[in-house]
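Asks: This structure is in structure tokens; I'll ask about it shortly.
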Amino acid sequence: MNNPYMPYPVRIDEIIIENEARDLKTFRLVFVDPEHEKVFNHIPGQFAEISVLGKGESPIGIASSPTEAGSLLFTIKRTGVVTDELHNAREGRVIGVRGPLGKAFPIERMKGKNVVIVGGGFAFTTLRALIQYLTHEENRSDYGDITVVYGARSPGELLYKAELAAWQARDDMTTHITVDKGDDDWTGYEGFVPAILDQVAPSSTDALMVLCGPPIMIKFTLPVIEKLGFAPADTILSLEMRMKCGIGKCGRCNIGSKYVCKDGPVFTLEELSDLPDEF
Amino acid sequence: MSYQEDVRREAAKLLDEKTVHLFIGYADSDLPLKTAAHAIRSSADADQLVWNPACTANLAALLPDLLKRPEGFRGEWEPPKVGILAKGCVSRSIVGLIKANQIPRDALTIVGIACDGMVSRHWVVDQLGTAELVDATIDGGKVSVRASDGTEKTFDLDEALAPNCRVCTHRAAVIHDVAIGEAAEMDVDEAARYESVRAFAEKALDDRWAAFEEEISRCIRCYACREACPNCYCNECFAEETEPKWIGVTTDLSDLMLFHLGRAFHQAGRCVDCGACVAACPQAIDLRLLNQKINHDVQTLYGGEVSVSLEQPEPLLQFRMEDDEGFMTDPG
Amino acid sequence: MTVLKASKSDLRKLLGAIAGEKRLIAPIADRTAVRFAEIADSAEICLEYRNPRMSARSALFPQSEVLLTFDGETATDARPEYRETVLFGVRPCDARAFTMLDRVFRWEGTDDPYYVGRREAATVVSLACNESGAACFCTSVGGAPHDETGSDVLAIDLGDDVLLRPVSERGETLLATFAPGMTEASEADLDRAAKFAEAAKAGQPDVAIPTDLEGLKKLFDSEVWEEFAMTCLGCGACTYSCPTCHCFDITDEEKRGVGYRVRSWDTCAFPLFTLHGSGHNPRPAKNARVRQRVLHKFLYCPENFEQVFCVGCGRCVTNCPTGIDIRKILGRVSQLVASG
């Protein structure tokens, strides 16, 4: 019987320091056994449990698209026991990955629609996976207009600077980058994400909205999204909760009758309003 | 001597006069020899309160949570005024909590009550073999019980008393705003008080280890002992810390032993031998095996009484020139 | 399927024969209580008890279980060959609970191989209740003292004799293998058993179970949870004695690079259960945790599995150190739901 508690061994191929505070790192992980990569097949929005033997596991959103074959990307903030160990790890070390887990972004439902992607801070990780997927040459024509609004505290805190530049250079998508406070070299927007979204005012006709960010950003962005005319069923978010098993058994991520690991982490605003006010 | 009516009257009075918002005492449960901790807000509910030899729980354990600012609460907050029925050991726990800055004295109205000891439900159930305790009456110094297999037994109340109650040194509240009843004078000498410790120490080392293992291996890490204890108020218990990880969360014997040994040592100089941990344990583990040993050592090495007055310094919180230093010079 | 009859001594012989070939887990009278243990000698088996203090759930879902072992960077699946096991003496409430654990551990196509491995290797010979316990209320939650749900064989104690009613094919096979040629129960025997079942049912109170799920949802923000939480110690006594509780924690134990990943029972009653790495806790106060315990069993599981996750064994009532009584909580909650 398949054992969903056994991690796939993966090698840390590259570690990229994402921010000035050096507490956000992106890890490029390569499957030790190529057969594992064949069955992994994730969809943007899903997460995996990163396993560090001796320390434990952490549920982390997958930042790479399945179209970016050969490796998986995870952007991880240094927080506790497991992530501490990861941040101290060197390239070449073998750790583990369990997954893919959870419900993905509704990429099928997005077909033929315009997609507006709004992200803030380091919650942008799975949105990167989504954008890379939607804009991949094999997929691009399936989707309408793609608009991205992404903000961070300062230019140094922006993730995936190379990808941001690449997206901005494309003419088949619009990318708006903002920072709370710019520096002397900054030429982009300056302001909080909700304000910039209000300014950009993407149309909600035939469009789906995907939103990921820290709670405070979500709180102030939701009214803007409502104002723009996006229905709760068309507003898609990704939740975080304390998790352990990742497969809907241990009960830790249970909210109401839902399990964030299994019924989420992607939820529409409509689904979320059905959940008890507990998070 | 039942002070039940006095308890009800006093609680009703305090609530009616708005001296307290809440009164904590005991109520009947549906099960024999078991009471529930109970909180009332209105004098109309005062007749729900009871006082009998099954009022085992140490109510002081509920105080820190009741009297602390709710998480995320913004603005002006005052702790509720709480009345609490305090038998001797409960009042000592209250002293301990006040001195440890865990609860504010002025939020409390302590109704001290003279206690003649509590029945050990574990002991009574033990006398019934595998049958279930179905009915019990306590009257005239006797405990009469009926078991599910039809057996009827009667015990002297003295026989059925919890072991810690038998050697209790403070039957009346050591701190109170109101006092109910007169406590019988306790004449417990040191020999009697720590008899269980002495008897255990006389066993051979291997036998002691085996006995310890037998008791502790039943533990299911439910932490009822810890939560029932007023002294265990730490926001993060050593048993659950991950950085560093002192012990694991499993029921591996080493994890069990370290949890109980650790908790016993953390009680040193603070345990008032209220027996709440033993009564709370769903597996009837004799936790006093450890706690009384620690209590005995503290008493022997440093003397003094634990948590008997707000003014008197605690045995482990004062340094005297004559304190025993043998642990350093002659650990043996 | 034919109901068989055996004398008590023949029953012990039967169990002895089973212990010789399979792993037999049955109740024994420990110094302090009746508990389930692995049996070598069937003479050890206790047949006179209302219900073992701890539920039978640890036979299929042990309190601590090693998931994998590791050495450096290599992890190895720690699943053993699950031995064929017969669980004897499980009361119908605990047996029924197994069917609920089955739903969780096999949910949405993801099988928990540790639980499923043990489950598939287990044959449940439950022992019907001829009388109800002091805190029992199985009849209020869809169970019954002679209920067969979750059992492979239902044993019924008639005093000198025991009836053995096969419930499943697995149960029939067990009896055919180990008790060939056992006598058939007579009509009179079956009649006596039925009378015991009725008497046991009659001994139970009627506990009001809130079945209006929408109404129950509306109680989420009610102050009643605060009321219940006031005397809750926040320990795990209720959840750990519960036959249907299944939450667990996964931790790693390691020394110099060698160790294991183990899962252990956990409880929503502990604040640590939902504490995020960031420090945020969605259920910071006891009222939220008491609410979670009750709603998980009586609202969320019915929503997910069309099944209340309580079998009315009453262990939480008996074991709660501060005398909190789920029956009273349910009564009050039902009242509130009914009054809108």
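None of the figures in this text is laboratory data; all of them are computed from the coordinates on show. The model shown is predicted, which means the values in this text are computed figures rather than measured ones. Cβ atoms come from the backbone with ideal geometry, glycine included; neighbour counts cover every protein chain shown.
Asks: Given H placed on each backbone N at 1.01 Å, which residues far from B:Lys34 in sequence or on other chains put an amide H within less than 5 Å of it?
Replies: B:Ser29
Asks: Of C:Tyr260, C:Val294, C:Thr318, which is farthest towards the positive pole of the range C:213-338's charge dipole, taken about the Cα centre with +1 and -1 on the beta-carbons of Lys, Arg and Asp, Glu respectively?
Replies: C:Thr318
Asks: Shifting gears a bit: Using a/c under 1.5 as the rounded threshold, could you call the range A:173-253 rounded, prolate or oblate? The axes a ≥ b ≥ c are square roots of the C-alpha gyration tensor eigenvalues, and prolate needs a/b larger than b/c, oblate otherwise. List each step's numbers first, then the result.
Replies: Numbers: a/c = 2.65, a/b = 1.49, b/c = 1.78.
Verdict is oblate for the range A:173-253.
Asks: If the viscosity is 1.002 mPa s and the temperature 20 °C, what translational diffusion coefficient in µm²/s does Stokes-Einstein give for the range C:125-175 when Rh comes from Kirkwood over Cα pairs?
Replies: In µm²/s, the coefficient rounds to 183.
Asks: Here's another thing I want to ask about it. Rounded, prolate or oblate, given the Cα gyration tensor of chain C, with a/c below 1.5 counting as rounded?
Replies: Taking the square roots of the gyration eigenvalues as a ≥ b ≥ c, chain C is oblate.
Asks: Further question: If you filter the range B:214-268 for GluC sites (Glu not before Pro), then keep DSSP loop positions with at most 16 other Cβ within 10 Å, what is left?
Replies: The qualifying sites are B:Glu236, B:Glu241.
Asks: Right, here's the next one. Could you work out the helix-only [θ] at 222 nm for chain C, with each DSSP H run of four or more residues adding -39,500 (n - 2.57) and the total divided by the number of residues, to the nearest 500 deg cm²/dmol?
Replies: -9500 deg cm²/dmol
Asks: Next question. Counting every Cα pair in the range C:160-285, what percent are over 19 Å apart?
Replies: Every Cα pair in the range C:160-285 considered, those over 19 Å come to 76 percent.
Asks: Turning to a different aspect of this structure: Quick check on chain A: what are the equivalent-ellipsoid semi-axes from the Cα gyration tensor, as sqrt(5λ), descending, whole Å?
Replies: Gyration-tensor ellipsoid for chain A: 28, 22, 19 Å.
Asks: Pick out, from A:Ala165, A:Val179, A:Leu208, the residue whose Cα sits farthest towards the positive end of the charge dipole of the range A:152-222, with +1 on the Cβ of Lys and Arg and -1 on the Cβ of Asp and Glu.
Replies: Checking the options against the dipole of the range A:152-222, the answer is A:Leu208.
Asks: Using the crude model of +1 on Lys and Arg Cβ and -1 on Asp and Glu Cβ, and no other charge, please compute the dipole size for the protein assembly as shown relative to its Cα centre, in debye to 20.
Replies: For the protein assembly as shown, the charge dipole is close to 580 debye.
Asks: List the lysines whose Cα lies under 22 Å from the Cα of C:Lys13, skipping any in the same chain that are fewer than 8 positions away.
Replies: C:Lys5, C:Lys22
Asks: In deg cm²/dmol, rounded to 500, what helix-only [θ] at 222 nm does chain B give when every DSSP H run of at least 4 residues adds -39500 (n - 2.57) and the total is split over its residues?
Replies: So the calculated ellipticity at 222 nm is -9000 deg cm²/dmol.
Asks: Computed over the Cα atoms of the range B:175-262, what is the ratio Rg over Rh, Rh following Kirkwood?
Replies: On the way: Rg = 18.3 Å, Rh = 16.5 Å.
Result for the range B:175-262 is an Rg/Rh of 1.10.
Asks: Using each residue's phi in the range B:137-143, evaluate 6.51 cos²θ - 1.76 cosθ + 1.60 at θ = phi - 60° and report the 3J(HN,Hα) Karplus result to the nearest Hz, with x for Gly and Pro.
Replies: 10, 10, 7, x, x, 10, 10
Asks: Now for a separate question. Exposed loop sites here are trypsin sites (Lys or Arg not before Pro) in DSSP loop states with at most 15 other C-beta atoms within 10 Å. What is the longest stretch of chain C lacking them?
Replies: C:107-255
Asks: Could you work out how far the C-alpha centroid of the range C:76-105 sits from that of the range A:168-183, in angstrom?
Replies: 56 Å
Asks: Order by neighbour count: A:Leu29, B:Leu258, fewest other Cβ atoms within 10 Å first, most last. Walk me through the numbers on the way to the answer.
Replies: Values: A:Leu29 24, B:Leu258 17.
So the residues, fewest neighbours to most, are B:Leu258, A:Leu29.
Asks: Give the list, by residue number, of cysteines in chain A with no other Cys Cβ closer than 4.7 Å, or say none.
Replies: A:Cys212, A:Cys253, A:Cys261
Asks: For the range C:131-208 and the range C:278-340, write down the distance between their C-alpha centroids in whole Å.
Replies: 29 Å
Asks: Which of the cysteines found in chain B have nothing to pair with, since no other Cys Cβ lies under 4.7 Å from theirs?
Replies: Lone cysteines by the Cβ rule: B:Cys55, B:Cys115, B:Cys165, B:Cys168, B:Cys219, B:Cys222, B:Cys234, B:Cys237, B:Cys271, B:Cys281.
Asks: Also, quick follow-up: Using a cut-off of 29 Å between alpha-carbon atoms, which lysines can reach B:Lys142, once sequence neighbours fewer than 8 places away in the same chain are excluded?
Replies: Within the straight-line limit of under 29 Å, B:Lys142 reaches these lysines: B:Lys34, B:Lys87, B:Lys153.
Asks: Let me ask you something else. Magnitude of the Cβ-charge dipole of the range B:240-332, K/R +1 and D/E -1, about the Cα centre, nearest 20 debye?
Replies: Working: 6 positive and 16 negative charges, 62 e Å.
Dipole about the Cα centre, nearest 20: 300 debye.
Asks: Any idea what the relative contact order of the range C:93-222 is, in percent, if you count C-alpha pairs under 8 Å spaced at least 6 apart?
Replies: The normalised contact order for the range C:93-222 reaches 27 percent.
Asks: Ok, one more. Calculate the dipole size of the range B:121-160 relative to its Cα centre from +1 charges on Lys and Arg beta carbons and -1 charges on Asp and Glu beta carbons; express the result in debye to the nearest 20. Don't jump to the answer; show the numbers that get you there.
Replies: Details: 4 positive and 9 negative charges, 12 e Å.
The dipole magnitude comes to about 60 debye.
Asks: Please state the relative contact order of chain A as a whole percent: Cα pairs under 8 Å, 6+ residues apart?
Replies: Reported as a whole number, the value is 18 percent.
Asks: Further, regarding this structure: With a 10 Å Cβ neighbour count serving as the proxy for reagent exposure, in which order, fewest first, do B:Leu261, A:Leu211 appear?
Replies: With the sparsest Cβ surroundings first, the list reads B:Leu261, A:Leu211.
Asks: Let me ask something else about it. With the contact rule set at Cα under 8 Å and sequence spacing of 6 or more, what percent relative contact order holds for chain C?
Replies: 21 percent
Asks: Looking at B:Asn235, C:Met54, B:Leu317, which one has the Cα that reaches farthest to the positive end of the dipole of the protein assembly as shown (charges on Cβ: Lys, Arg +1; Asp, Glu -1)?
Replies: C:Met54
Asks: Still on this structure: Find how many whole Å separate the alpha carbon centroid of the range A:204-230 from the alpha carbon centroid of the range A:77-126.
Replies: Value for the Cα centre distance between the two parts: 20 Å.
Asks: For chain A, modelled as a Gaussian network with Cα springs under 10 Å, which listed residue fluctuates most, A:Ile218, A:Ile16, A:Ile146?
Replies: A:Ile16
Asks: Sticking with this structure for a sec: Name the lysines eligible as straight-distance cross-link partners of B:Lys293: C-alpha to C-alpha under 22 Å, and not fewer than 8 places from it in the same chain.
Replies: By straight Cα distance, B:Lys293 reaches B:Lys203.
Asks: Quick one: C:Phe137, A:Phe40, fewest Cβ neighbours within 10 Å first, how do they rank?
Replies: Numbers: C:Phe137 24, A:Phe40 18.
Going from least to most buried by this count: A:Phe40, C:Phe137.
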